[in-house]
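Visitor: My structure is below; once you've seen it, I'll send some questions.
The values are calculated or read from the model by the stated rules, or taken from the named source; none is laboratory data. Please read these numbers as outputs of a predicted model, since none were measured by experiment. Note that we place each Cβ from the backbone using ideal geometry, even for glycine, and neighbour counts take in every protein chain shown. Ligands, DNA and RNA are excluded from the accessible area calculation, which covers all protein heavy atoms including side chains. Shrake-Rupley method; radii C 1.70, N 1.55, O 1.52, S 1.80 Å.
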Amino acid sequence: ANKLRQQLADMPDKARLDADLAAAEKAQEAAEIALHDAERAVDAAEEALGEARSEENAAQAPRDEADKAVRTLESEIGGLKRLLTQSAAPKAPPVIDRVRSEEGYEKAVAAALGDDLQASTDAGSSLYWAGRSIETPSLPNGAEPLSSFVEAPPELAARLSQCGVVGAKTGPRLCAELKPGQRLVTVEGHLWRWDGFTRTPDAPVSAAERLAQQARLEAAEAEIEPARARLQAAAAALTEARETRATAESDLKAARQQVSPKAGELNRARSVTASARQAVERADVRRESAAEALARIESDLRGVEETLSVVSIGGNEDDLTEVEADLNRAREQLAAARAQETENRGRLADITRNREQAIARREGFQRDVERWTGRLANSEARLEDLLKRRREA
């Protein structure tokens, strides 16, 4: 009995074991929350990366279109400049480079001036214009001077004032009223001259093509700067989208790197909790077993004392020896049974703990399956979206 009392006194304090178990459970709960937060961060980073890739793909098409437009304009401008430079006079610049007509009047100007547009205003040139202050007669009624639709050097004033713009049906009627040097033209390219010379739009006029090229060159040069501005804005948007995507990839990598340590911390916390719970259960079993054994031994001692108190001193010594031998055997059997009981209780505690751990692992596996199933569904949705964008591109 004294030995059992000492064992009870030497056992670990129950309050301390319970406190250790509570601390371990709290640490496990914190580790579970941290792991859950890390997994949610991974999901959020994957979603952000998908959005960033979609934005990058969306920004790629406008940038490519703007780049194509700029390259097309640059190529067109370069080609037109080469054509106009090749056809220009080698010494003095022709007036065709300084003639600007309203839109749609290029063929009328070409029909009225023809190859004379290749002459310059330089008096030192072999071909030049000098009609700045020449008196000219008025055109027939119904003919509008070509000078009203054209900006040209003043040296061409006389010529342009004597070229009237009319309709295709009006020209044949008014051509009989033309004075020497006067002409009638249409926007389609008809020409009626005072001396009866007539040209239809089917006749080729090189000046018309050059005027059209000059007009297109100016239009292209006016379009190139806005196109370059659009290209710059689209390129900046694409660069920003690429940087956002790279940042999202970096964030996802960092988030994934946090999952494994958090999972390891959770496993360690679960192991500590299981060990603390096992220590509490074993201590409870040992304490209960020792208390029960002490109670039985004290009860047996009281019975023995009562028996000894009624036994006469003069009794049979052999009977007393036999009773003591029976008592010792009973005590040994009782001790063996109690030892077996203690062992069985320990096994039961281990089985119960292992069962609880198996249940916890199964629940963890179920949560993992649900989480990865959700990720798979999100990945399939993102893959379908990317495939759709790829088909559209």
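Visitor: Select from region 63-100 the residues that are modelled with pLDDT of 75 or more and among the hydrophobic types (A, V, I, L, M, F, W, C) and write down the one among them that is most open to solvent (accessible area, probe 1.4 Å).
Guide: Among those that are modelled with pLDDT of 75 or more and among the hydrophobic types (A, V, I, L, M, F, W, C), it is Ala69.
Visitor: Given the conditions (1) farther than 16 Å from Ser101 by Cα; (2) open to solvent by less than 60 Å² (accessible area, probe 1.4 Å); (3) at pLDDT below 85, and given that Glu223 satisfies all but one, which numbered condition is not satisfied?
Guide: (2)
Visitor: So is Ala290 small (Gly, Ala, Ser), modelled with pLDDT of 75 or more and more than 30 Å from Ala41 (Cβ to Cβ) or not?
Guide: no
Visitor: Right, something else. Can you report the number of residues in region 306-355 which are part of a helix (DSSP H, G or I), among the β-branched types (Val, Ile, Thr), open to solvent by 80 Å² or more (accessible area, probe 1.4 Å) and modelled with pLDDT under 75?
Guide: Here is the first cut: in region 306-355, the residues part of a helix (DSSP H, G or I) are 306-310, 317-355.
Now narrow it down to the ones that are among the β-branched types (Val, Ile, Thr): 307, 310, 321, 323, 342, 351-352.
Now restrict to residues that are open to solvent by 80 Å² or more (accessible area, probe 1.4 Å): 310, 323, 351.
Checking the rest, the ones that are also modelled with pLDDT under 75 come to 310, 323.
Of the residues in region 306-355, 2 are part of a helix (DSSP H, G or I), among the β-branched types (Val, Ile, Thr), open to solvent by 80 Å² or more (accessible area, probe 1.4 Å) and modelled with pLDDT under 75.
Visitor: OK, next. Condition first: over 30 Å from Asn354 (Cα atoms) and either modelled with pLDDT of 85 or more or part of a helix (DSSP H, G or I) (or both). Can you find one or more residues in region 258-272 that meet it?
Guide: So far as region 258-272 goes, no, none of its residues is over 30 Å from Asn354 (Cα atoms) and either modelled with pLDDT of 85 or more or part of a helix (DSSP H, G or I) (or both).
Visitor: Related question: Every residue in region 160-188 that is over 60 Å from the mean Cα position of the chain (by Cα), over 14 Å from Pro140 (Cα atoms) and open to solvent by less than 40 Å² (accessible area, probe 1.4 Å), please.
Guide: Leu160
Here is a yes/no grid of residues against (1) in a helix (DSSP H, G or I); (2) of a type in the set (Asp, Glu):
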site	(1), (2)
Asp64	yes, yes
Val70	yes, no
Arg82	yes, no
Ile96	yes, no
Leu113	yes, no
Asp122	no, yes
Ser126	no, no
Ser138	no, no
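Visitor: For Gly131, only one of the following conditions fails: (1) over 26 Å from Pro201 (Cα atoms); (2) open to solvent by less than 90 Å² (accessible area, probe 1.4 Å); (3) modelled with pLDDT of 85 or more. What is its number?
Guide: Unmet condition: (3).
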